[in-house]
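Below: the structure, in structure tokens.
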Amino acid sequence: MIFRISLRTLPTLLALAASLGASAQSTGSNAVPAAPAPQSIATPAAPPAAPAFPQQDPRNFTAATPTRDTVEAFLRQTWGYDADRVWQVQAIQKTSAPGVSKVTVMVAQKSNPQQTGSLVFWTTPDGNNLIANDVLPFGAHPFDTRRQLLQAAATGPARGAKTKTMLLVEFADFECPHCKEVQPTIAKLLLDFPQARFVYENFPLVSIHSEAYKASAYSVCVAKLNGNEAFFRFSDALFADQAQLTPEASTQALKDAATKAGADPSKVAACSTSPEAKTAVDGSVKLAQDLDINETPYLFVNGRGIPIGGLAYEQLKQIVAYQFSQDK
């Protein structure tokens, strides 16, 4: 069976295989139970067969760029954290658009080699981006450009290591329910990766969250007036009281969070309407836009972008550990 997968989406092959396997079983409630099989000495299970990828055809490699080595390097960077995943570059073809190449990759899981996935994307003439469901970074080191940008421009409240060798940057919106949900996940990451530096960047989604920009401005001022640790106390308090971020109740909720952070709520409120506060929030929003982010919560791991809402923690931890191991 062959099905399509997405580069942006995190692995779904095992889940799909499990559902297909379950549907193949007969589980009728009125079925007569099968007679127990005679006991016998167990024999070791045979190792799984290699995935049945179609044979590569040299005629499908018509483009000069990207090279097969570059595609392989990109896939290792993107999927190398998953030891169960295997792939084969099936084609790198010219297209009618000058410099644009079409890349086809077959993908499977070692634990379920009968099912293979088909991934198709196109690379831009400069070799720096691919186009699939979205425009994404491409190349042997696809995350380096964004890593360098974040090291230079992510200047929000920070905690953890002083150096930026291992850098986690979260873009979040105080009014976003999923951002509230992932805060325990972020806390776990900081415990599991004490060598990492964590930076918070405001990304208020003003088209859907009326109080998000105001909350961002308050947070900027708490950090400015009382320091980074006060900011994180403010953040924790505000996410806990997120339901009060309404046009009627937000001012009091923001002042209460400032008080819980150890800040003077009157000073923070006055600061929040200043040009400096607006410049800081707008700068963080501009950084998110430069990184092509269109959702929250969004986490960058040394430049590798991950939409983390709903992502299982162990899988996120696996990706973070792998990326840090690649960037030593």
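The values are calculated or read from the model by the stated rules, or taken from the named source; none is laboratory data. These numbers were taken from a predicted model, which means no experiment stands behind them. FYI the Cβ positions are ideal-geometry reconstructions off the backbone, even for glycines, and counts take in every protein chain you see. Quick note on the areas: whole protein, heavy atoms, side chains included, nothing else; ligands and nucleic acids left out. Shrake-Rupley method; radii C 1.70, N 1.55, O 1.52, S 1.80 Å.
Here are a few things to note about the model shown:
- For region 250-328, with +1 on Lys and Arg beta carbons and -1 on Asp and Glu, the positive-most of Ala321, Ile306, Ser284 along the dipole: Ala321
- Remark: region 137-225 carries a charge dipole of roughly 380 debye about the Cα centre, counting +1 on each Lys and Arg Cβ and -1 on each Asp and Glu Cβ.
- Rounded accessible area of Thr62 (nearest 10 Å², 1.4 Å probe): 70 Å²
- Gain upon complete extension [Gln289, Ser118; 0.36 nm per residue less C-alpha separation]: 58.5 nm
- Ranking Thr124, Thr165, Ala140 by how far each Cα lies toward the positive end of the dipole of region 107-166 (charges on Cβ) leaves Thr165 at the top.
- Translational diffusion coefficient (Stokes-Einstein; Kirkwood radius from C-alpha pairs) of region 120-176 at 4 °C, 1.567 mPa s, in µm²/s: 95 µm²/s
- Eigenvalues of the alpha-carbon gyration tensor of region 135-226, scaled by 5 and square-rooted, set the equivalent ellipsoid semi-axes at 24, 18, 14 angstrom, largest first.
- P(r) histogram, all alpha-carbon pairs of region 79-129 included - 5 Å bins from 0, percent: 5, 19, 22, 19, 15, 10, 7, 2
- Anisotropy class of region 288-328 from Cα gyration tensor, a/c 1.5 cut: oblate
- Region 257-312, accessible area per residue, ligands and nucleic acids excluded (1.4 Å, Å²): 43 Å²
- Packing-based ranking, highest mean first, of 303-310, 93-100 given that Cβ atoms within 10 Å are counted: 303-310, 93-100
- Put a plus charge on the Cβ of each Lys and Arg, a minus charge on the Cβ of each Asp and Glu, and nothing anywhere else: the dipole of region 53-94 about its Cα centre is then about 180 debye.
- Estimated FRET transfer efficiency (Thr259, Ser207; beta-carbon r; R0 41 Å; 0.05): 0.85
- With the convex hull of its Cα atoms as the shape, region 200-328 has an orientation-averaged projected area of 8.8 nm².
- Stretching the chain fully between Arg159 and Thr251 yields a gain of 30.4 nm (0.36 nm per residue, less the alpha carbon separation).
- Heavy-atom accessible surface of region 171-328: percent carbon and sulfur, 1.4 Å: 52 percent
- Extending 7 Å from the Cα toward the beta-carbon at both Ser96 and Ala140 defines two label points whose distance is 3.4 nm.
- Probe 1.4 Å - accessible area at Glu276, Å² to nearest ten: 110 Å²
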